[in-house]
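Chemist: First the structure, which I've put down as structure tokens, then a few questions once you've had a look.
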Amino acid sequence: MSGLDWQADGLCSQVGGDGWFPDKGGATRDAKAVCARCPVRDACLEYALATEQRFGIWGGMSERERRAERGRRAAAAARLARPDMLPRTAQRVAAVAELTAEGMTRAQIAARLGITERAVTYLRQRARDGAA
Ligand code: SF4
């Protein structure tokens, strides 16, 4: 299956409705329940991640959840790409990436981890470099 061929097999196209694009703060549970049974869920999620879809439920995840997933993947890539990285630094890169994906500001992350805001910037850059 390539391109967007998977969309034809998506359960949302059979079920219909606009539950996949709720208004801000709207319910997503029913749409996610359909996604959980969808045979093309993985392809759908990967497409949404690759194309950085900003709105709606894709592959069973909201935009916020997809952002967190991208952060986890970036942190994992950073760990793999930098075997020379000290374990503690790798842990901090992962933590900063996850907290960033959750929407926390630089100051909030610094306070949470007990590090400086400058260190947060540095660790974000390490995550981006590792994921490149
Ligand atoms: S995973 Fe969800 S959004 Fe994606 S095609 Fe299936 S039902 Fe639709």
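Chemist: Which condition from (1) charged (D, E, K, R); (2) more than 11 Å from the ligand (Cβ to nearest atom); (3) touching a Leu at 6+ places or on another chain (Cβ under 7 Å) is the one that Asp5 breaks?
Modeler: Exception for Asp5: condition (3).
Chemist: Among what's in the range 16-45 and is closer than 17 Å to Glu65 by Cβ, among the hydrophobic types (A, V, I, L, M, F, W, C) and not in a helix (DSSP H, G or I), pick the residue that is nearest to the ligand (Cβ to nearest atom).
Modeler: Cys38
Chemist: Could I ask something else about it? For a quick check of your reading of the model, give me the residue pairs whose first member lies in the range 44-70 and is assigned by TED's automatic domain parsing to the domain that holds Ser13, whose second is assigned to a loop (DSSP other than H, G, I, E, B) and aromatic (Phe, Trp, Tyr), with beta-carbon atoms closer than 6 Å and at least 6 apart or on different chains.
Modeler: Close Cβ pairs satisfying both conditions: Gly56/Trp20; Gly56/Phe21; Ile57/Trp20.
Chemist: Residue check: is Val15 farther than 23 Å from Leu123 by Cβ, touching a Cys at 6+ places or on another chain (Cβ under 8 Å) and without any contact (Cβ under 8 Å) to a residue 24 or more places away in the chain?
Modeler: no
Chemist: Let me ask something else. May I ask you to list pairs of residues, at least six apart or on different chains, whose Cβ atoms are under 7 Å apart, with the first in the range 110-124 being in the same structural domain as Arg88 (by TED's automatic domain parsing) and the second being of a type in the set (Lys, Arg)?
Modeler: Here the result reads Leu113/Arg92; Glu117/Arg106; Val120/Arg106; Thr121/Arg106; Leu123/Arg92, each pair linking the range 110-124 to a residue that is of a type in the set (Lys, Arg).
Chemist: Run down Ala31, Ala27, Ala50, Ala36 and say which single residue is within 13 Å of the chain's Cα centre (by Cα) and of a type in the set (A, V, I, L, M, F, W, C).
Modeler: Only one candidate qualifies: Ala50.
The values are calculated or read from the model by the stated rules, or taken from the named source; none is laboratory data. Worth saying up front: this structure is predicted, and the values here are computed from it rather than measured. All Cβ positions, glycine included, derive from the backbone under ideal geometry; neighbour counts span all protein chains shown.
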